[in-house]
């Protein structure tokens, strides 16, 4: 009888502690994983997030022209999706994935994730136009200009630092990635825009990789004193088409 009694006690004890442990595990996950990623992304309505991917190429099928995005944008989206799922899980709904040439219409007022720079992404080009006087970055083809001088409150190209990826034997060996995080300038509602772009396609991957894996270490510094927006330029060495040794080159917050 004593053995049976002990078994009952153990079963009852496990039944009591199991939900407690489940709550503690969830709290640890929320504090260490979910909360930092939410602070990083700062989406206001993740259930209506819109992804605008660069239209990198168009293929003539013989019947119609088929637009497609680049490998860098695809890889960046995979990295972003993993991080977003950890941040928002059931709230997240990534169904609105559009190429940049597709009209966004009212969706441009949602939270936006823009993949690719102004060369191949029309939404990115419009974003740079609206933020031209806010931050020091300008992109011309594959050249990233980091401006250092202002005249009359406006950024000027004179004296700008130039960053462009390097290729050897037609293979990119070094690239630069760009991250922009700012309230959505296409709407008066509280929504967020995040952009990942690069000098070349691997820079876009590097930007997404650094944002999702390392930027949380710098987020407090970038957003101190009530700043809501920032731009970060990173450099990366490309090994077998994979970005390695990603480092911050420049950053600016406003």
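Read-outs throughout are calculated quantities, based only on the coordinates presented, and are distinct from any laboratory measurement. All figures in this text were calculated on a predicted structure; none of them were measured in a lab. Positions of Cβ are backbone-derived with ideal geometry, glycine not excepted, and every protein chain shown enters the neighbour counts.
From a point 7 Å beyond the Cα of residue 170 in the direction of its Cβ, which residues of region 205-245 have a backbone N at a distance under 20 Å?
238-242
What's the extension gain from residue 48 to residue 34 if we count 0.36 nm per residue and subtract their Cα-Cα distance? Walk me through the intermediate numbers first.
Details: separation 14, 0.36 × 14 = 5.04 nm, distance 1.89 nm.
Length difference between fully extended and current span is 3.2 nm.
Share of Cα-Cα pairs in region 122-216 beyond 19 Å, in percent? Working shown, then result.
Values: 2160 of 4465 pairs.
Tail fraction, whole percent: 48.
In whole angstrom, note down how far apart the Cα centers of region 201-254 and region 69-132 are.
17
Please report 236, 244, 81, 55 as a ranked list, fewest other C-beta atoms within 10 angstrom at the top and most at the bottom. Kindly include the intermediate steps, with their values, before the conclusion.
Numbers: 236 27, 244 11, 81 17, 55 20.
Arranged by neighbour count, lowest to highest, 236, 244, 81, 55 become 244, 81, 55, 236.
For region 104-154, what's the radius of gyration and Dmax over Cα atoms, in angstrom?
12.6, 36
As a footprinting exposure proxy, order 211, 186 by other Cβ within 10 Å, with the fewest listed first.
Going from least to most buried by this count: 186, 211.
What does the extension gain come out to for residue 85 and residue 224, with contour length at 0.36 nm per residue minus their alpha carbon separation?
Working: separation 139, 0.36 × 139 = 50.04 nm, distance 2.62 nm.
Extra length from residue 85 to residue 224 when fully extended: 47.4 nm.
Determine, for each peptide in 89-96, 122-129, 41-48, 159-166, the mean count of other beta carbons within 10 angstrom over its residues, then list the peptides with the highest first.
Numbers: 89-96: 12.5, 122-129: 19.4, 41-48: 17.8, 159-166: 15.8.
With the highest mean Cβ count within 10 Å placed first, the list reads 122-129, 41-48, 159-166, 89-96.
If you rank 238, 144 by fewest surrounding Cβ atoms within 10 Å, what's the result? Please list the in-between numbers first.
On the way: 238 23, 144 26.
Final ranking by Cβ density, sparse to dense: 238, 144.
Sort all Cα-Cα distances of region 42-253 into consecutive 10 angstrom bins from zero, then give the percent of pairs in each bin up to the one containing the longest distance.
Binned Cα distances yield the sequence 9, 35, 38, 16, 2, 0.
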